[in-house]
Structures are given as C-alpha cells and as structure tokens.
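The values are calculated or read from the model by the stated rules, or taken from the named source; none is laboratory data. All values reported here derive from a predicted model rather than from experimental measurement. Quick reminder, even Gly has a Cβ in these numbers, built from the backbone with ideal geometry, and neighbours come from all protein chains shown.
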Amino acid sequence: MTQTRIHTRQSIGLLIGAMALMVLVPAAHGQVVFRQYTPYNHVVVEDQGDTRIMWFDRAPQTTMSKSNPLEGGFEYTDFFHIAPILYPAMDSVLFVGLGGGTGPKQFLHDYPWMQVEVVEIDPVVVDLAHEYFYLPRDPRLAIHVADGRVHLRRTNRRYGSVIIDAYSTGPSGAYIPFHLATHEFFQIVRDRLDNGGTVIYNVIGVAGGPNDHVVRATQSTLASVFEAVYVFQARSSMNTVLVAQKIEQPTATAEESPGLPQWPEGPWVHHPLDASGFRQLFIGLQQQGRIRRGILGQRVTQFSPINLGPLTHQVLTDNYAPVDSSWGAIHPLQ
C-alpha cells in the first residue's frame, strides 16, 4: 500500500504511530519470514501464529489468516465492498496500493464477472503479495508497477470503482502521499469512472480523534468533486473509509441495457441513504447472489459522526495539502 511522493517539499503524512491506530505491534514471539529494504520501504513479513502480517517499517499494512487467506484482514477492507452496492452493474475495479492484496483477492473470489486491476509502485510488494499472501495469478487480474496518479492520468480505461489504500512510511509512521488526496487528483479519478462509479478512500484516522483534520479535509475535498459522499468508521481500528459516487444524468433506460442489474426504482440510488437504505440495497443484492460478504450488512450501518454533516474543512489542492501531524495549516472553514 505505498505510493511515492511527487513533491519533496510537501508531505502530507498521517505521521502517526500506526501501531497504536492499527492495534498491532511486533511480537517477540513472531517469526520473520521475509525482510528487505526497497527504494520505498523497509518491508517485513512476519508470522504471529496463524496471522501473517506485512509491515512497512513498524506500520502494519496487511494481515491475513494463513489457514484462510481470504480472511483475517483489517476490518476497513470490508467497506471496499460498498462499491457494488452503490453500482451493482460494475464489472471492473482499480486498486491504488496493493500491500498483501486483501481487496483484490476478495474481489476476484466474490465477483467472478469482474476485471481487477492494481497499481502499486513497489515491485517487491507485488512479489510478496503473490508469494506470501497468496494473491493468485489470474487472467482477470492485471497489476501495473507505477505511481497511482501517473497511471490514472495515462490510462484511457474506465472503472466501476477506484479503491485507494495507498500509504508510505517515515520516521513517525504511515502517511498518505499528498498528491493522492487533492481536488485535482480526484478530478482525474472521476474522469476514469463509469457513470455511477465510486471512489473508496481509506484514511488512518477518526473524526474527533487522531487525524480528525485529515478525515474532515478528505471529506470536503471529495465533496468538491463528487455528488454523493458517505463516511464510515471501523470499530476495531482507527480507520475511516470515505465512499463517493459519480452521478451524471443517465442516458440509457433499463430496456436499452438488458441483463444489467438495476437500482431500486430505476437506474439510480436516491441519495442520501441512511443505514436502513444501505441495508435494503445490501439485502437485495445478497439475495441475487451479487454480494457474498454477510458482514457487509453490519458495516453499512457504521457511519462516522460526520457522515452527511456540514463540511468544516477546506478543500485540499495540489498547491495546498499540508495534512500532517504537525497540524500544518489546515483550517476549519470560517
């Protein structure tokens, strides 16, 4: 889950003690099965009983159950599956940041009709995902070794969802590369989404707690580009997942697109959705066999306190995105 910084004089770090936020710490009894310095990270793969962990320095990036490689990941990855709830006709997804590949593995397994792409800047991470985290070599999976923003700018493809879980690490912990959190970047993402497609964004932080300003600034920035934005909160870790949907006036009717799953009461969700609305969508798609993860029925009710609330922080831009632990200059809106 790593991307390089394009600008060297600005870093938007979440510069946090990732151990405290992700609940994990290196265990004295753990067995290190891989360790290497790459141009981007100090990568360690460690086994703690049945749990396998990928670390970047002391920040855990991926957890996996060795006995069931599709399970054992961090709770926040469950929220990735909100993408087909809001856009059930999606047939492609791009993950920005790979880590151990929890999301890509699950999407390959759960949605056999879907094409899965990944862009990951560190080739060593790609090799580790295959060798130690059992990411399959599948004809439906394409992996690009590149910076996420550069790849999105250069590709002509459109996706049903772009899922961003990209982190680098420094002396103080994990941080989001600033060029993946700005208005200009989200405009590029929007241009690569189908009509109805979603962008899903993982932030290490929580409203009202650590990195509150990062969470709120990301919410404001997504809302400057997308028509609908929802904010969900993990319970077992300090992760906030933001989900934004691209909504343009539809041009095709159900009759013109036979065979594609439709939203309730027509081709579009009626926003805003509350917990009951999300659960109804989930139940309908689960009954159709389009959604397999039963836990998602609970996850869609885990709203952050700032979900659908007023936008209190300014929009991040390529020229101004100082989201770091020193508080930078992110100011609440006056």
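Quick one: in region 73-130, of everything that is among the polar types (S, T, N, Q) and not in a strand (DSSP E or B), which residue is surrounded by the most Cβ atoms within 10 Å (Cβ to Cβ)? Applying the filter and picking the extreme gives Thr102.
The residues of region 186-224 that are without any contact (Cβ under 8 Å) to a residue 40 or more places away in the chain and assigned to a helix (DSSP H, G or I), listed by number, are Gln187, Ile188, Val189, Asp191, Asp212, Leu222. Among the residues here, Leu135 does not qualify as touching a residue at least 12 places away in the same chain (Cβ under 8 Å) and within 17 Å of the chain's Cα centre (by Cα).
Here's the yes/no breakdown for (1) of a type in the set (S, T, N, Q); (2) modelled with pLDDT of 90 or more; (3) surrounded by 13 or more Cβ atoms within 10 Å (Cβ to Cβ):
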{"site": "Gln249", "(1), (2), (3)": "yes, no, no"}
{"site": "Thr253", "(1), (2), (3)": "yes, no, no"}
{"site": "Ser257", "(1), (2), (3)": "yes, no, yes"}
{"site": "Gly277", "(1), (2), (3)": "no, yes, yes"}
{"site": "Gly284", "(1), (2), (3)": "no, yes, yes"}
{"site": "Arg292", "(1), (2), (3)": "no, yes, yes"}
{"site": "Leu296", "(1), (2), (3)": "no, yes, yes"}
{"site": "Phe303", "(1), (2), (3)": "no, yes, yes"}
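Evaluation of Gly100 against the conditions (1) out of contact with any Phe, Trp or Tyr (no Cβ under 9 Å at 6 or more places or on another chain); (2) assigned by TED's automatic domain parsing to the domain that holds Ala166 shows that the sole unmet condition is (1).
Count of region 42-72 residues, restricted to those that are outside any strand (DSSP E or B) and over 20 Å from the mean Cα position of the chain (by Cα), is 7. Do we have any residue at all in region 65-76 that's within 19 Å of Val199 (Cβ to Cβ) and among the polar types (S, T, N, Q)? No: region 65-76 contains no residue that is within 19 Å of Val199 (Cβ to Cβ) and among the polar types (S, T, N, Q). Residue count for region 95-119 under the criterion of being under 13 Å from the mean Cα position of the chain (by Cα) and in contact (Cβ under 8 Å) with a residue 40 or more places away in the chain: the result is 7.
Annotation: Asp110 fulfils all but one of (1) out of contact with any Ser or Thr (no Cβ under 9 Å at 6 or more places or on another chain); (2) not assigned by TED's automatic domain parsing to the domain that holds Ala207; the unmet one is (2). Per the conditions (1) within 17 Å of the chain's Cα centre (by Cα); (2) at pLDDT 90 or above, the sole criterion not satisfied by Leu21 is (2). Entry remark, region 39-54: residues being free of Cβ contacts under 8 Å to residues at least 24 places away in the same chain and under 14 Å from Ala129 (Cα atoms) number 2 in total.
Return the residues of region 46-68 that are surrounded by fewer than 21 Cβ atoms within 10 Å (Cβ to Cβ), modelled with pLDDT of 95 or more and touching a helix residue (DSSP H, G or I) at 6+ places or on another chain (Cβ under 7 Å); say none if nothing qualifies. Listed by number, the list is empty, since nothing qualifies. Once region 138-147 is narrowed to residues that are under 14 Å from Val116 (Cα atoms) and within 18 Å of the chain's Cα centre (by Cα), the residue that is surrounded by the fewest Cβ atoms within 10 Å (Cβ to Cβ) is Ala142.
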